[in-house]
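Here is the structure we will look at, set down as structure tokens.
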Amino acid sequence: MPETRVPFYGHVRQYHNLKEEIDRAITDVLESGTYVMGPRMKQFESELAGYMGAKYALGVNSGTDALLLVFKALGIGQGDEVITTSNTFFATAEAIWLVGATPVFVDCEPGTRNIDPTLVEEKITPHTKAICPVHLYGQPANMLALAEMAKKHGLLMVEDCAQAIGSKGDTFKIGELSDAVCMSFITAKNLGTFGDGGAVVTNRDDIATTINKMRNHGSDRRSYHSVGYNSRLDEIHAAILSVKLKHIDEWNDLRIARARDYTEFLTGTGLRLPQTKPGYRHVFHLYVIETPRRNDLQAYLKERGVIALTNYPVAIHQQEGFPFGLGDPHPVLPETEKNAAECLSLPLYPELTRGEAQIVADAVLAWEAGRAPTVVAKA
Ligand SMILES: *Cc1c(COP(=O)(O)O)cnc(C)c1O
């Protein structure tokens, strides 16, 4: 096996950079004796709501649960359709299936790979209840166009913001044009804990009240219940996230800087590079390039100690078992399928150095030129 010279993830480096503060936060929780539904979750919720400029943030178990609880809170269920994308992490559609509704997939834009708003209207039926755009790779979907569509047809809007905390549109903010925003804090996300975590961010009082109960066995006071879930953000994760949230803008800036480096190094090749829309803040959860020889490039990089992964090589409608009992088994999604076949995510995290980005880019350029890399991996 070649030595790994540029790993795909940076979260252990991030931990080492904040070790003292994080260790202290964890120890404080351990000593406090309260591990669920305590003051750390409350504090993080208020910090997150402040950061997002929203009225409420509610900590839950995961991004998947955030989606599930929002769809439930909005009364979306059997017989309902939710318009979303197929080139996303499986959980986006999974949450729709889990509430008994049907995800209806719209193809993605050739440029940003976000949901193509021009293809939404033709998918709207009398059963359509909501649109669920994903801010893919860290760039907001075109919320203005989508919100216009939602307004015209009386649809709800749920943002899957698992990959895009800190991002912005040209003239809109995340959460401004929707009913609720779903966040994930699993380790590798731009804001990640050491395990699972998620949140629902909303300005709607009714959604906040419902989810506050639903995440805690349908209870907002001791011993009184309706049927809900067990989905709370644990105190340890909340404490860690409070430490990390203070750094999110600076970390996103570093991601953007390294993305700029990659684009500088790789411009002029035959590779498709990520595109940022004018005026948008794309926070580069992932830096995804595209090439028809993706598998070959990925293997070549691995041989040279550069770990690149694929997000997402099997689109949701290409999964075995699709449509899982519900929905059109053969949606026509050529851009999504091209994206799945050709995408390759290069290592990108705030702790990645420009030098490392150079090593990655050199290896990519060497592959493209069919020549040996300038820097040869140690045997
Ligand atoms: C990570 C992710 C989720 C799921 O979040 P979890 O916290 O892993 O449950 C949902 N949607 C998208 C787009 C994601 O990237």
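The values are calculated or read from the model by the stated rules, or taken from the named source; none is laboratory data. Bear in mind the structure is a predicted one, so any value in this text is a computation, not a measurement. For neighbour counting, all protein chains shown are included, and Cβ atoms are generated from backbone atoms with ideal geometry for every residue, glycine included.
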- For region 179-202, what are the residues that are closer than 30 Å to residue 11 by Cβ and away from the ligand (no atom under 15 Å from the Cβ)? 202
- Report yes if residue 355 is at pLDDT 95 or above, outside the structural domain of residue 173 (by TED's automatic domain parsing), at positive phi and not hydrophobic (A, V, I, L, M, F, W, C), otherwise no. no
- Output the residues belonging to region 205-235 that are on the phi > 0 side of the Ramachandran plot and small (Gly, Ala, Ser). 218, 223
- Answer yes or no: is there a residue in region 54-61 that is away from the ligand (no atom under 16 Å from the Cβ) and buried (at least 23 other Cβ atoms within 10 Å of the Cβ). no
- Task: Give me a count of the residues in region 205-229 that are more than 15 Å from the ligand (Cβ to nearest atom) and out of contact with any Ser or Thr (no Cβ under 9 Å at 6 or more places or on another chain).
- Result: 11
- Note on the structure: Note on residue 238: of the conditions (1) surrounded by fewer than 16 Cβ atoms within 10 Å (Cβ to Cβ); (2) at negative phi; (3) outside the structural domain of residue 308 (by TED's automatic domain parsing), unmet is (1)
- touching a His at 6+ places or on another chain (Cβ under 9 Å), aliphatic (A, V, I, L, M) and without any contact (Cβ under 8 Å) to a residue 40 or more places away in the chain, is that true of residue 150? no
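One line per residue, one yes/no per condition, for (1) touching an Asp or Glu at 6+ places or on another chain (Cβ under 8 Å); (2) surrounded by fewer than 24 Cβ atoms within 10 Å (Cβ to Cβ):
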position: 155; (1), (2): no, yes
position: 184; (1), (2): no, no
position: 196; (1), (2): no, yes
position: 200; (1), (2): no, no
position: 205; (1), (2): no, yes
position: 213; (1), (2): yes, yes
- Message: For region 330-345, check the following and say yes or no: at least one residue is β-branched (Val, Ile, Thr) and within 23 Å of residue 112 (Cα to Cα).
- Response: yes
- Query: In region 247-276, which residue that is among the charged types (D, E, K, R) and surrounded by 16 or more Cβ atoms within 10 Å (Cβ to Cβ) is nearest to the chain's Cα centre (by Cα)?
  - Reply: 255
- Look at region 95-117 and say how many of its residues are in contact with a strand residue (DSSP E or B) (Cβ under 9 Å, 6 or more places away or on another chain) and part of a helix (DSSP H, G or I). 4
- Query: For region 85-141, how many residues are free of Cβ contacts under 8 Å to residues at least 12 places away in the same chain and either within 12 Å of the ligand (Cβ to nearest atom) or not charged (D, E, K, R) (or both)?
  - Reply: 1
- Note down all Cβ pairs under 8 Å where the first residue falls in region 160-177 and is assigned by TED's automatic domain parsing to the domain that holds residue 278, the second is within 13 Å of the ligand (Cβ to nearest atom), and they're at least six residues apart or on different chains. none
- From (1) touching a helix residue (DSSP H, G or I) at 6+ places or on another chain (Cβ under 9 Å); (2) surrounded by 15 or more Cβ atoms within 10 Å (Cβ to Cβ); (3) in contact (Cβ under 8 Å) with a residue 60 or more places away in the chain, pick out the condition that doesn't hold for residue 36. (2)
- Query: If you go through region 157-174 one residue at a time, how many are more than 16 Å from the ligand (Cβ to nearest atom) and out of contact with any Phe, Trp or Tyr (no Cβ under 9 Å at 6 or more places or on another chain)?
  - Reply: 3
- Can we say residue 124 is over 21 Å from residue 167 (Cβ atoms) and either within 19 Å of the chain's Cα centre (by Cα) or not assigned by TED's automatic domain parsing to the domain that holds residue 237 (or both)? no
- Hey, can you tell me all the residues within region 263-288 that are farther than 23 Å from residue 170 by Cβ and in contact (Cβ under 8 Å) with a residue 40 or more places away in the chain? 265, 266, 269, 270, 271
